[in-house]
1. Just for segment 53-99: of the residues that are farther than 17 Å from Asp30 by Cβ and among the hydrophobic types (A, V, I, L, M, F, W, C), which one is modelled with the highest pLDDT?
2. Please go through segment 2-18 and pick out each residue that is open to solvent by 50 Å² or more (accessible area, probe 1.4 Å) and in contact (Cβ under 8 Å) with a residue 40 or more places away in the chain.
3. What number of residues within segment 19-44 satisfy the criterion of being surrounded by fewer than 18 Cβ atoms within 10 Å (Cβ to Cβ), more than 14 Å from the chain's Cα centre (by Cα) and either under 12 Å from Arg68 (Cα atoms) or among the acidic types (Asp, Glu) (or both)?
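The values are calculated or read from the model by the stated rules, or taken from the named source; none is laboratory data. No experiment lies behind these values; they were computed from the predicted model shown. Here the Cβ is made from the backbone with ideal geometry for all residues, glycine too, and neighbour counts use every protein chain on show. Heavy atoms of the whole protein, side chains included, go into the accessibility calculation; ligands, DNA and RNA do not. Shrake-Rupley method; radii C 1.70, N 1.55, O 1.52, S 1.80 Å.
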Amino acid sequence: ATEEHLAKMEESLKLQEQELEQGSTGVDADVAFHEALFEAAGNKVLQGFSEIMKEFFIGLRQMRLASRERGLSSLAEHEAIYDAISKGDVDRAREEMRKHLHHYMTMEDIQGTDISRRKPTEFATISR
């Protein structure tokens with residue numbers, strides 16, 4: 001990730017924290033963080049696919065971030081991902097991203113749906 005990518009991620013983290021402090025869900029900042037991740041991955045296919053993925057995950061984001069507790073949990077996960085990327089720790093970044101996606105896939109709101117049966121690795125690839 002370049003300094004520009006890291007700056008975008010850091011800005012989205014600050015925005016998410018502000019949105020949560022103001023009583024918002026933080027969905028806009030959540031989307032911005034993931035867009036910055038897609039860009040930083042340097043995977044052109046993933047970048048092109050980001051709009052489709054954004055639409056796919058928007059409903060899950062709204063469910064997951066519906067409570068302040070979940071919003072704060074998401075922010076902490078984003079911070080862990082950012083920390084690993086900023087330190088150049090690819091393996092840790094990959095693991096933190098898998099954990100983050102796993103939380104989406106195990107939410108009570110989606111249990112029993114087709115999406116809950118998919119593995120987090122089917123949704124994200126962080127290239128080395």
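1. By that ranking, first place goes to Ala84.
2. As a first pass, look at segment 2-18 and keep what is open to solvent by 50 Å² or more (accessible area, probe 1.4 Å): 2-4, 7-8, 10-11, 14-15, 17-18.
Once the filter is applied, which keeps residues that are open to solvent by 50 Å² or more (accessible area, probe 1.4 Å) and in contact (Cβ under 8 Å) with a residue 40 or more places away in the chain, segment 2-18 yields Glu10, Glu17.
3. 4
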